[in-house]
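Peer 1: Input: one structure, supplied below.
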Amino acid sequence: MTEIAAIGLHRQTLSAQIYASLEGQILDGALAPGTKLSEERLADRYGVSRAPVREALAALQRAGLAEKIGARDRMVAVPNAEVIAQKYDLWWVVDVGRTYLASLAATEAECRDLQDLIDQMRAAVKRNDSAGYRERAATFHEAIRQSCKNPYVAELAASCDVHLRWFEALYDSHPDVSAVTVREHAAILAAFRTRDFTALSESIRTHMMRQRDRMLRLFAAPAAPAIDVG
């Protein structure tokens, strides 16, 4: 490897690490919407030159998590109701495709495992075990998509997942845990099992549009002010 190539690889590694750090802080709510992301101050904080910070901030902007302000700096993007609604619309469209492609390759054993997760979700609701429900619901969503091997669909889906994790961290400290959500997951699994595209599309849309409307109501609640942390 040439010296120039090695320098490029090192810079890419640094920018990727900085991106991952900033993305994690944004997604868990530590960096609130509107928080200024100063190229100079971040370079000082991470002990690097401005170049990898600039690349990381540009990547955050491309991902929709940051907005440019001024010549060099960015700030954490500020969601609005239209963006939230559009991201949920995109999510259900992409997730229908991803889940249907996964269903075509799914085995009966995988379907039984998914059914077991729904049974555990139902039991968690009866126990009023919010943490247990959320853990099993997350496992269900990951498992029902895992047989989709199309990398282009996966890339689109990953972008949607990032934004929905962000919205949940910002606005949804007490996620919906109810018998209604269990029934919605059961309907998704029934369509998945029979590889019924129409039923799968409708069941996923019903589930996600209800979550979208709930998120929009939560978004309308008063929010904490942004801070300037560099």
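The values are calculated or read from the model by the stated rules, or taken from the named source; none is laboratory data. Small disclaimer: the values here were computed from a predicted structure and weren't measured. Here the Cβ positions follow ideal geometry from the backbone for every residue, glycine too, while neighbour counts run over all protein chains shown. These area figures cover heavy atoms from the full protein model, side chains too; ligands, DNA and RNA do not enter into them. Shrake-Rupley method; radii C 1.70, N 1.55, O 1.52, S 1.80 Å.
Peer 1: Go through (1) out of contact with any Ser or Thr (no Cβ under 9 Å at 6 or more places or on another chain); (2) open to solvent by 30 Å² or more (accessible area, probe 1.4 Å); (3) assigned to a helix (DSSP H, G or I) for ASP95 and report which single condition fails.
Peer 2: Going through the list (1) out of contact with any Ser or Thr (no Cβ under 9 Å at 6 or more places or on another chain); (2) open to solvent by 30 Å² or more (accessible area, probe 1.4 Å); (3) assigned to a helix (DSSP H, G or I), ASP95 breaks only (2).
Peer 1: Considering only residues that are free of Cβ contacts under 8 Å to residues at least 40 places away in the same chain and more than 14 Å from TYR88 (Cα to Cα), which ones fall in the stretch 153-190?
Peer 2: Those that are free of Cβ contacts under 8 Å to residues at least 40 places away in the same chain and more than 14 Å from TYR88 (Cα to Cα): GLU155, SER173, ASP176, VAL180, ARG183, GLU184, ALA187, ALA190.
Peer 1: Report the residue count in the stretch 10-68 for those that are under 23 Å from the mean Cα position of the chain (by Cα) and at positive phi.
Peer 2: 3
Peer 1: Could you say whether any residue in the stretch 200-214 is open to solvent by 30 Å² or more (accessible area, probe 1.4 Å), on the phi > 0 side of the Ramachandran plot and at pLDDT 95 or above? Full working, then the answer.
Peer 2: First pass over the stretch 200-214, keeping only residues open to solvent by 30 Å² or more (accessible area, probe 1.4 Å): 202, 205-206, 210-214.
If we keep only those that are on the phi > 0 side of the Ramachandran plot as well, we get none.
No.
Peer 1: Right, another one. Answer yes or no as to whether ALA138 is in contact (Cβ under 8 Å) with a residue 24 or more places away in the chain and not basic (Lys, Arg).
Peer 2: Details: in contact (Cβ under 8 Å) with a residue 24 or more places away in the chain: no; not basic (Lys, Arg): yes.
The answer is no for ALA138.
Peer 1: Enumerate the helices (runs of 4 or more DSSP H) found wholly within the stretch 124-199, keeping only those where 3 or more residues are exposed (fewer than 15 other Cβ atoms within 10 Å of the Cβ) and more than 18 Å from the chain's Cα centre (by Cα).
Peer 2: On the way: elements: 130-145, 151-171, 179-194.
Answer list for the stretch 124-199: 179-194.
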